[in-house]
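A quick write-up on the structure given underneath.
Values quoted throughout were computed directly from the atomic coordinates according to the rules given, and no laboratory measurement underlies them. This one's a predicted model, so the numbers in the text were calculated from it and none came from an experiment. Here Cβ is always computed from backbone atoms with ideal geometry, including for glycine, and neighbour counts include all displayed protein chains.
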Amino acid sequence: MLTFTPNILKNLAAKPATRKYPFVKREQFSGVRGELYNDIDNCIFCGMCSRKCPTQCITVDKTAGTWVCDPFTCVFCGICADSCPAKCLHFHAEHRPPSVERETISMQGEPPKPKVKKKAKAAPAKEEAGKKAKAEPEEAPKED
Ligand code: SF4
Ligand code: SF4
């Protein structure tokens, strides 16, 4: 008993080692990976995040311009954010609040416009050149 007495007295005088969560919350460390967020206006819907995600919790639809993530499957590894070419994926410092229902993070953006094929323009130019070549017969080689 005498061995423990100093420890008991010290603990009685000291502040509690724990916090009264959720009333008192600890400040987050810098660089903490909280909720995943997509700055959808900058997203180009390339699908790289979806292909790189080890848990396959991201779905990207380029045609519809949608980006969907299942936060209950995410392991917060950060690979998606690191591999995003548009640098539009970020982690909020705050974690998602607990939920009794399975929710997904669904974002709607502007789908990229389909690219116009350049070949369509080049084709008439080629045809024109072919027509000219037919109209102007080649000169016969000169004989000495
Ligand atoms: S990698 Fe980035 S730009 Fe590409 S679909 Fe994902 S969030 Fe959008
Ligand atoms: S943090 Fe990891 S697990 Fe979560 S969406 Fe990104 S790649 Fe997938």
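Among the residues of the stretch 64-87, those that are assigned to a helix (DSSP H, G or I) and within 6 Å of ligand 2 (Cβ to nearest atom) comprise Ile79, Cys80.
Here's the yes/no breakdown for (1) surrounded by fewer than 17 Cβ atoms within 10 Å (Cβ to Cβ); (2) farther than 12 Å from Glu35 by Cα:
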residue	(1), (2)
Met48	no, yes
Cys53	no, yes
Val60	no, yes
Thr63	yes, yes
Cys74	no, no
Cys80	no, yes
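Here is a check on your reading of the model: is Glu94 over 20 Å from Val32 (Cα atoms), surrounded by fewer than 12 Cβ atoms within 10 Å (Cβ to Cβ) and more than 8 Å from ligand 2 (Cβ to nearest atom)? Full working, then the answer.
Values: over 20 Å from Val32 (Cα atoms): no; surrounded by fewer than 12 Cβ atoms within 10 Å (Cβ to Cβ): yes; more than 8 Å from ligand 2 (Cβ to nearest atom): yes.
In short, no.
The set of residues in the stretch 1-43 being touching a strand residue (DSSP E or B) at 6+ places or on another chain (Cβ under 9 Å) and among the β-branched types (Val, Ile, Thr) consists of Val32, Ile40.
Give me the pairs, please: first residue somewhere in the stretch 41-69 and farther than 10 Å from Cys84 by Cα, second residue anywhere and in a helix (DSSP H, G or I) and more than 9 Å from ligand 1 (Cβ to nearest atom), beta-carbon distance under 7 Å, and either six or more positions apart or on two chains. What qualifies is Cys53/Ile79; Pro54/Ile79. Residues in the stretch 1-43 that are closer than 19 Å to Leu89 by Cα and not in a loop (DSSP other than H, G, I, E, B): 6 in all.
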